Ligand SMILES: Cc1ncc(COP(=O)(O)O)c(C=O)c1O
């Protein structure tokens, strides 16, 4: 169970432990703390978060939490910042899952995690050339139109399809910001939001930070099940459904056309919005028509970002919406952050308008296909038979693995880390109880195919550790 007193209790124990161990030492792993004190992962992560906020430890994703060297104030004493804890109260923003997704693998560790292209696949040269051209544009450093450069909005609208126009598009700072804007704009704090289960942890974190309560709607190999979506709307009274109809993260499912129609009908009957996170649009050779393109009633708020196909730092995305919802979204971004930096918008426009864009798409699609097949083959060859790949997605970066029932997912992830490979534990993708142990394994982040294969070999060793703990 997680509550403030259990977090404070574990934090106090860890404080003592940190003082005893001394600077540079590693705290016991989250798993050990959970087991020793019989507490949940959330309690442990919050307690460690408290120590990190106090400057007593520093978390190195993938390696653990390490005791820091005490900071000296000018008077030669450690500053007592505990007053801040009282002043800040208990409004905690849980950044754990997002930080884990963005974590860099330490040297020598194979990343079968992450959601962006590795340096070798990133179009860094083309981006540099586009940026150089962009900053030479006459008004590159001037204030942009508040909703985004007209030409860029038109490009995003054309890409979305249907009768979406430039006027429906708002340029925002990446997909994650788009989700935050959408949750805040479309639902009041304290109200429910429906999400696929499993789903993208960053969306769960953003919904939670917006004060929303996520309710899970199950998916199968073809994506969300419309009859259960209808039931969830009826039971909760939710007015927002967040989904990824194309190359769903983590399962890789793509919603077929008939279900797309049903989802729109069900949402419309409930008087609800559908947030369509089309994050992987450019990671697929032939993405299906978007929900936004099929929408005639302003039901869909569509999100598409350039980060996945270009670079995590190309933080340019669009939110497509109509009517009062569009106005609300625009107002939200304006109040919170004004607009996206013009040089970045100009760079995006330069890049997608150049021949390099198509060439890059073709190269990435070919490489992702090879990596997906190589990963699937390596998993089948090296892991126990009961570790089953859910499906072979038509693109994207990940495979979703069902693990043998009863296998300790955390122990496996920890053993994998010890063997030098990072994988993503399934539990973080579930808004409520997971149906069993799962793993998300990413093929896009490794430097090359040989590293990908080495990552799977290491993962196989972690499985062996669990099967023969005393070997
Ligand atoms: C499903 C999904 N949506 C949105 C995002 C946010 O991406 P970005 O903010 O880089 O556009 C991610 C990143 O991992 C993702 O996996």
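Residues that are part of a helix (DSSP H, G or I) and touching a strand residue (DSSP E or B) at 6+ places or on another chain (Cβ under 9 Å) were ranked within region 317-361; the one that is farthest from residue 156 (Cα to Cα) is 337. Of the residues making up region 89-117, those that are modelled with pLDDT of 95 or more, within 16 Å of the ligand (Cβ to nearest atom) and in a loop (DSSP other than H, G, I, E, B) are 112, 113, 116, 117.
Residues that are within 16 Å of the ligand (Cβ to nearest atom), farther than 23 Å from residue 158 by Cβ and under 21 Å from the mean Cα position of the chain (by Cα) number at least 1 in the following strands (runs of 3 or more DSSP E) confined to region 239-316: 240-243. With respect to residue 231, is the statement that it is closer than 25 Å to residue 218 by Cα, away from the ligand (no atom under 15 Å from the Cβ), modelled with pLDDT of 95 or more and out of contact with any strand residue (DSSP E or B) (no Cβ under 8 Å at 6 or more places or on another chain) true? Yes; evaluated as a whole, the condition is true for this residue.
Yes or no: residue 378 modelled with pLDDT of 95 or more, part of a helix (DSSP H, G or I) and buried (at least 20 other Cβ atoms within 10 Å of the Cβ)? Yes: the conditions hold for residue 378. Out of curiosity, is residue 134 assigned by TED's automatic domain parsing to the domain that holds residue 339, more than 16 Å from the ligand (Cβ to nearest atom) and touching a strand residue (DSSP E or B) at 6+ places or on another chain (Cβ under 9 Å)? Against the criterion (assigned by TED's automatic domain parsing to the domain that holds residue 339, more than 16 Å from the ligand (Cβ to nearest atom) and touching a strand residue (DSSP E or B) at 6+ places or on another chain (Cβ under 9 Å)), residue 134 does not qualify.
Any residue at all in region 299-306 that's more than 21 Å from residue 202 (Cα to Cα), touching a helix residue (DSSP H, G or I) at 6+ places or on another chain (Cβ under 8 Å) and assigned by TED's automatic domain parsing to the domain that holds residue 219? Scanning region 299-306 turns up at least one residue that is more than 21 Å from residue 202 (Cα to Cα), touching a helix residue (DSSP H, G or I) at 6+ places or on another chain (Cβ under 8 Å) and assigned by TED's automatic domain parsing to the domain that holds residue 219.
With respect to (1) within 16 Å of the ligand (Cβ to nearest atom); (2) in contact with a helix residue (DSSP H, G or I) (Cβ under 8 Å, 6 or more places away or on another chain), the lone exception for residue 175 is condition (2). The lone criterion from (1) surrounded by fewer than 19 Cβ atoms within 10 Å (Cβ to Cβ); (2) more than 21 Å from residue 267 (Cβ to Cβ) left unmet by residue 201 is number (1).
Scoring residue 187 on the criteria (1) farther than 19 Å from residue 93 by Cβ; (2) away from the ligand (no atom under 15 Å from the Cβ) leaves a single failure, condition (1). Going by the structure shown, is residue 148 away from the ligand (no atom under 13 Å from the Cβ), modelled with pLDDT of 95 or more and at positive phi? Against the criterion (away from the ligand (no atom under 13 Å from the Cβ), modelled with pLDDT of 95 or more and at positive phi), residue 148 qualifies.
The values are calculated or read from the model by the stated rules, or taken from the named source; none is laboratory data. Just so we're clear, the structure is a prediction, and the values are computed from it rather than from any experiment. Here the Cβ is made from the backbone with ideal geometry for all residues, glycine too, and neighbour counts use every protein chain on show.
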